[in-house]
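First comes the structure, then the notes that go with it.
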Amino acid sequence: MTPMAVRIIAVAIAVLGLIDPALVVNRARAVPVSLRIVEASPLDGAGAGGGTRRDRAEAIRNRLTERLRRVADVSDERPPQAVVLIGGVVPDALPSEGTPVSTVSLSADAPPNVRLVRIEEPRPAALRQAMTTVAEFEGVGFNGRTTVFTLSDGGVDVARVEHRWTKDRERFRARLPYAPLSAGLHAVTVAAEPLGGETTADDNAADAALLVDARPLRVLAYEPRPSWNATFVRRALEADPRFELASLVRSSRGVLVRSGGAPSDLLADGLDEFDVVLVGAPEELRAAELDALSRFASLRGGGVVFLPDRRPSGPYESVLPAGRFEEALLENPGTLLAEHSNDVRASEFLVAHGTPATVDTLAAIERSGARAPVSITWTHGAGRMLLWGALDAWRFRADADGAFGRFWQAAIADLALAAPQRVDLSLSPRVAAVDEPVTVRATVRATEFAGDGGRIAIPPVGATLVSTAGAEPLRLWPTAEPGVFEGATTAPAAGSYEVRVTAGRHVGRAPMAVTAAPKRVIMEDAEAMALVPTSTGGVAARADDLTPLEDHLRGLAAAPEPVTVRPLRSVWWAVLFATCLTAEWALRRGRALR
């Protein structure tokens, strides 16, 4: 090569360097991936198979970081284009739309294990009324072994049930009944006793809140004509001190017999003071009386119980949800399949046909190999209505040690406690950890609204958090729903508290317990975690098989994207330029050129 040729190359490099041309090329870039641990806390206590759940989640993150280093950028220095959630709690806020979210579930990480999946807390109950806490457990790898499930109050077991696992992976709903002996809030613990060889006991137990309401339950019994059905239901309630009973009986034309502070009739003021109205012989109801009962249920939210003596007829038939009713007469008394008791007997029934799915069956009989509903309950506005179809059950009221009376005491207590008070409160959670946010929701009953037409007036609302040290104000804000107010507070030091909300001259109260570290259900569910990637374009993987996740992220990283490059900025061009200059000088010296 001649010195001139080498010089031309050097000059060309210099000119291109001054121009600094830009080229656009398609290049596979490592996709930025965010690896996030989403695990419930606290997670104390090591499991027999490899530390706490958070330890296992950290180990998975470290493993992914190492294995994906060549195809993914896991440094969190760039905005992520893919997210991996490691653990069992789906966060409230997911990444922006279009970002694929993958999940790694720990549920199958290290069987065998028994874990608590969810708790269904019962509705508030009256004193001496049993409440059933339903807890769903999942057992993995314990086929043929038996687990004991308990409900404890103050460290004392008050309910216990056993279950023998029959599959390698199985779910069981433990029903744990308990009737607390004192009013107020009871913080109970639902637990599965650990089995030998179980991976971890972290997820075996959780706390629940049972609320016992000691207020008197006000019931009005109304009979347009004397009725055996209503008479003996009323007597069953009179024997229970939880109820304040008033009665109004039309004994003959123009003659009303009142007791217990009953209103002069159903159309008079004062009906809203009651929680439940029992109606004997409802076929004798007048249209105006039915309208008053309908308003009582729909606006006040009370319960209405119809106790007929025969097939429905008259105005009240219009509020019944069944298509038709059939009278069934048994030669020998049959036993009802009922929610509160399976010992109530009767021989004459109203069988409901064509009830919609929104209707609940309170009691049924076996008929032609199927359950035929004979007593039904349904929603009517803000309240509920109930039709009792065991027409002559009162005749067998002494059977099974008074099962008839116990059934009605429990059924009417449920209806009465479900009827909203003038100021109703709900707290979430009722058992809180120190410094945990607590949501307060107050509902002022529609009967307390004033005004007409399109404008209503709601009484002034105020709230306080009360403890032995005094009262602190809470701020509540109105919601879009009339009469509903919401606010939030932070759980103070451990102890017992009461939230009070005033609306005009009426006061609503709700107890709250604060503990240092309440046990919570660890929301680790591979099925629930799998829903996130389904809707975002990610993949669901298990901790014991990360291959699908690795393949998915490699696929994202391999996708080409346009990249602007400036090749003349490479240091090798400077080296080449210097080499050309040196070569030219050497060639010229070798040829004795100047």
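The values are calculated or read from the model by the stated rules, or taken from the named source; none is laboratory data. Remember, predicted model here, so these are calculated numbers, not experimental data. Positions of Cβ are backbone-derived with ideal geometry, glycine not excepted, and every protein chain shown enters the neighbour counts.
The table below gives the values:
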quantity: Condition met for VAL431 (modelled with pLDDT of 90 or more and in contact with a Gly (Cβ under 8 Å, 6 or more places away or on another chain)); calculated: no
quantity: Residue check, ARG234 assigned to a strand (DSSP E or B), touching a strand residue (DSSP E or B) at 6+ places or on another chain (Cβ under 6 Å) and basic (Lys, Arg); calculated: no
quantity: Search result, residues across segment 304-349 that are among the small types (Gly, Ala, Ser) and exposed (fewer than 14 other Cβ atoms within 10 Å of the Cβ); calculated: SER313, SER318, GLY323
quantity: Which numbered condition ASP399 misses (of (1) of a type in the set (Asp, Glu); (2) farther than 14 Å from ALA363 by Cβ; (3) surrounded by fewer than 18 Cβ atoms within 10 Å (Cβ to Cβ); (4) at pLDDT 90 or above); calculated: (4)
quantity: Condition broken by LEU248, with the remaining ones in (1) touching a Lys or Arg at 6+ places or on another chain (Cβ under 6 Å); (2) surrounded by 21 or more Cβ atoms within 10 Å (Cβ to Cβ); (3) not in a strand (DSSP E or B) satisfied; calculated: (3)
quantity: All strands (runs of 3 or more DSSP E) inside segment 468-543 with 2 or more residues being modelled with pLDDT of 90 or more; calculated: 470-474, 484-490, 495-503, 506-515
quantity: Within segment 53-85, tally of residues that are surrounded by 12 or more Cβ atoms within 10 Å (Cβ to Cβ), charged (D, E, K, R) and under 30 Å from THR200 (Cα atoms); calculated: 8
quantity: Scope segment 442-461; condition within 15 Å of SER426 (Cα to Cα) and not β-branched (Val, Ile, Thr); matching residues; calculated: ALA442, ARG445
quantity: Residue in segment 279-295 that is in contact (Cβ under 8 Å) with a residue 12 or more places away in the chain and assigned to a strand (DSSP E or B) present; calculated: yes
quantity: Residues (part of a loop (DSSP other than H, G, I, E, B) and under 23 Å from HIS380 (Cα atoms)) located in segment 407-436; calculated: ALA419, PRO420, GLN421, ARG422
quantity: Qualifying strands (runs of 3 or more DSSP E) (wholly inside segment 138-206; at least 1 residues being farther than 17 Å from VAL521 by Cα, among the small types (Gly, Ala, Ser) and in the same structural domain as PRO122 (by TED's automatic domain parsing)); calculated: 156-164, 184-192
quantity: Test result for ARG123, of a type in the set (Lys, Arg) and touching a residue at least 40 places away in the same chain (Cβ under 8 Å); calculated: yes
quantity: ALA357 over 24 Å from ALA221 (Cα atoms) and either of a type in the set (Phe, Trp, Tyr) or under 29 Å from the mean Cα position of the chain (by Cα) (or both); calculated: yes
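Yes/no per residue for (1) surrounded by fewer than 17 Cβ atoms within 10 Å (Cβ to Cβ); (2) over 24 Å from MET131 (Cα atoms):
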| site | (1), (2) |
| --- | --- |
| LEU391 | no, yes |
| ALA413 | no, no |
| ALA419 | no, no |
| ASP435 | yes, yes |
